[in-house]
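A short worksheet on the structure shown next.
Please treat every number below as a calculation from the coordinates, not as lab data. Quantities reported herein were computed from a predicted structural model and do not represent experimental measurements. Here the Cβ positions follow ideal geometry from the backbone for every residue, glycine too, while neighbour counts run over all protein chains shown.
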């Protein structure tokens, strides 16, 4: 149960609006990259000069910056979260559909004597109730929709994300937390509806599911807990597939090179879900590697799904098991920012947004079994880049 709530229907005061305007951030220009042969150099510039629908030879969608919410300083600052929302609104183009991931780091399941209720532990080690998360996302959405910030016709999907790592060796990535996280998403959705913004704002859950962080069993339990809750929305898997450079040959095959036990079925179920473990998942994976092997990993996992989980139902004679990719995630901005004592990124994982998107899209498009054009769901519609500071 959520134990804290700030007052609802907070209004942006003039000084908050001024702060939002002053903190508007435009994307940093990425270093040049070699575009696909089918694209002109103008089409491949970042950020693109104009919005264009995605086609096999068209532009990637303009990237919008996502944010690590790693400190109490940001988490508890209503004005700062509103300003962050305003900056994302002003970065969008008219009628653009965008996604912003807000990453709240570590899940926390109460009952171990340290804290009474479920919540999150941020990168600075501070604990926060789920109600605090709701309040922070509310502030972000109100900033996005402020009249001085919102761009006409744009649509936001805000992803309330956590990772699948247990903080300091605890056992916090659980089915219970997944269910509670879904309820928190529902609470924010209810607020959005009461404010009259349901057509402009969608709210999803999210998990940075990484095979190096936790076991497949624990991560899938969280995903099923979220999916089995009474939620009308998806969660976004914005994680990795570290051991997927070769195609899985059977669902029970172990991915032995990872530090935690995973099977091919578990990593697929977190990202897509199959009949025995249906998850409410869409995938927007980390395509960080400049050499393209992250894209190859996810292509292989999607091909595995197509080969092993394409099936028929009484109402649908053909359900393709290929993964429903919503887009690609990069970390160019985060890698350029001053992280103090934190280690800077290896240059090999500094894909800029257009390169990351192009790598994944090209890998999928090259094989008709994973071609995103064959899906009834919107495929590869988003591009986002992670940031710590902006």
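General remarks:
- Spin-label pair residue 371/residue 249, simplified geometry with 7 Å Cα→Cβ offset, distance in nm: 2.9 nm
- Centre separation in Å (Cα based) which lies between the stretch 223-280 and the stretch 108-124: 25 Å
- Chain lengthening between residue 230 and residue 310 when straightened (0.36 nm per residue, less Cα-Cα): 26.2 nm
- Remark: spin-label model distance residue 212-residue 277 equals 2.2 nm, labels positioned 7 Å along the Cα→Cβ axis.
- Förster radius 30 Å - calculated FRET efficiency between residue 93 and residue 123 (Cβ-Cβ, nearest 0.05): 0.45
- The value of relative contact order for the stretch 63-387, using C-alpha pairs under 8 Å at least six residues apart, is 16 percent.
- Of interest is the spacing of the C-alpha centroids, which for the stretch 159-208 and the stretch 301-369 amounts to 22 Å.
- Among beta bridges that DSSP assigns inside the stretch 63-387, antiparallel share in %, nearest 5: 20 percent
- Taking a ≥ b ≥ c as the square roots of the Cα gyration tensor eigenvalues, the stretch 63-387 comes out rounded, since a/c falls below 1.5.
- For the listed peptides 214-221, 266-273, a ranking on the average number of other beta carbons within 10 Å per residue, highest first, reads 266-273, 214-221.
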